[in-house]
Amino acid sequence: MDKKSKMQAEKHLTGTLVLSVFTAVLGFFQYGYSLGVINAPQKVIEAHYGRVLGIVPLDRLATNASEEDGTIPGTEPWGSTEGTLMPLTNSSEDLVTSPHILTMYWSLSVSVFAIGGMISSFTVGWIGDRLGRVKAMLVVNVLSIAGNLLMGLAKFGPSHMLIIAGRAVTGLYCGLSSGLVPMYVSEVSPTALRGALGTLHQLAIVTGILISQVLGLDFLLGNDEMWPLLLGLSGVAALLQFFLLLLCPESPRYLYIKLGKVEEAKKSLKRLRGNCDPMKEIAEMEKEKQEAASEKKVSIRQLFTSSKYRQAVIVALMVQISQQFSGINAIFYYSTNIFERAGVDQPVYATIGVGVVNTVFTVISVFLVEKTGRRSLFLAGLMGMLISAVAMTVGLVLLSQFAWMSYVSMVAIFLFVIFFEVGPGPIPWFIVAELFSQGPRPAAIAIAGFCNWACNFIVGMCFQYIADLCGQYVFVIFAALLLVFFLFAYFKVPETKGKSFEEIAAVFRRKRLPAKAMTELEDLRGSEEV
């Protein structure tokens, strides 16, 4: 794309477009808030679980057992959140199993969020096509409000069950939102701004994480009195999104290609682009509509069985796997615990520092993605994370011998987050929508979303157990995975910068040998410039 065309596209950044994108990515803000909110108040909530389940700290149990005042060990009131939690009963079997029960409930509280996302992600294509992008986002907000109410009222019932249920329902919302939002944003964005606006998904996520971490400080909402409000507060964002969506235009691509409403599509384009001729984009949509009509309706099964889509599907799934299995969710979910192991005196504040760095470098990536390209940033991010994971492991292993190694671990964690936000964080959210034309796009987003959520669940459920098993060497596993992801991206992931949906889809339709991907895209670039 030449500079003149790009300047014209940038003029399309209207107030309506800004409002529409901002409103849509509020769904990702809720996703980020739900990711981060469970981290800081972990000990407070675990202590509350212990009280509800009849479990007390081991040190309190031992103290009571040694007293000769006639009281039954472990039956008097307690309020400490420190130490290993043990049950009120004195059975040796209970003494062994109850810490594992508490770990199970906590791991489930963290990871059930992803189970909801996995389940609902398969319905993204159906609900998006049935109701339209805007109406679908309106309807699914009901799930977010319901889930946040369950968590906000957790103290009025069995808290562990209400939190698990609330996070599951919120996960259902986020699974739908994480498919609908990129679909809508990619379809309302001008080609030259599609990458930059696409990175706002990740910016919304990290902003949500940061706000949840700040509010989770013990003198704000992360204490024994206020933690239910902390968990349920993203319902406010759901209400805001609901009312703002009433002001947003429907996707012109959906109106034109799916519904055949030409005049409504033109009106939507004029609202989104301002005073400009919509016919160029209408012509592109017409071409895409004809192609989609010739393809018939594409099911999830056809995406895997048809050679036409196979390469694009493999790329779409692998970028999602690389985002989740890179180790970043281990940082998001358990950063406070990791900083404690690294010897940090105030780990909660260090975790907030990670959130600040997270947000700053996501903003930077907004400007980099259209200048540098998706593929280059993705590769650079993976390699930087690999090096940081190795450095983090070295710092944790040698911490007992050299106290200054705690600084190595901390710097490595911050660098790990920085490199994640450079590429592997934001790019997978929008590149899937770029890899497929209108016909297969909903099904592709659905399976990519399911893959992302499934990996999220595996990390959330298993990391604590793996960390206990591997100790300081836990990030060696992620380093090995990052090497695999880097090699795959280097050989398989194409550059999509500045290309229309149809041009990118044409690459995979024409391609039979994966090695030809970059050559064909260069041919496209050359023909466009001519």
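The values are calculated or read from the model by the stated rules, or taken from the named source; none is laboratory data. Predicted model only: the values in this text are computed from it and were never measured. With ligands, DNA and RNA removed, areas are computed over all heavy atoms of the protein, side chains included. Shrake-Rupley method; radii C 1.70, N 1.55, O 1.52, S 1.80 Å.
If you take the Cα centroid of the range 217-292 and the Cα centroid of the range 375-402, the two points sit 37 Å apart. Put simply, the convex hull of the Cα atoms in the range 142-260 casts, on average, a shadow of 8.6 nm².
As a test of understanding, state the convex hull volume per residue of the range 243-333 from its alpha carbons, in Å³.
Numbers: hull volume 16.6 nm³, N = 91.
Looking at the range 243-333, the number lands at 183 Å³ per residue.
For the range 212-262, the per residue solvent-accessible surface stands at 42 Å², with DNA, RNA and ligands left out and a 1.4 Å probe.
Keeping the other protein chains in place, figure out the carbon and sulfur percent of the accessible area of the range 144-300, with a 1.4 Å probe.
Accessible surface attributable to carbon and sulfur in the range 144-300 totals 67 percent.
Accessible surface for the range 423-474, divided over its residues, is 24 Å² per residue with a 1.4 Å probe.
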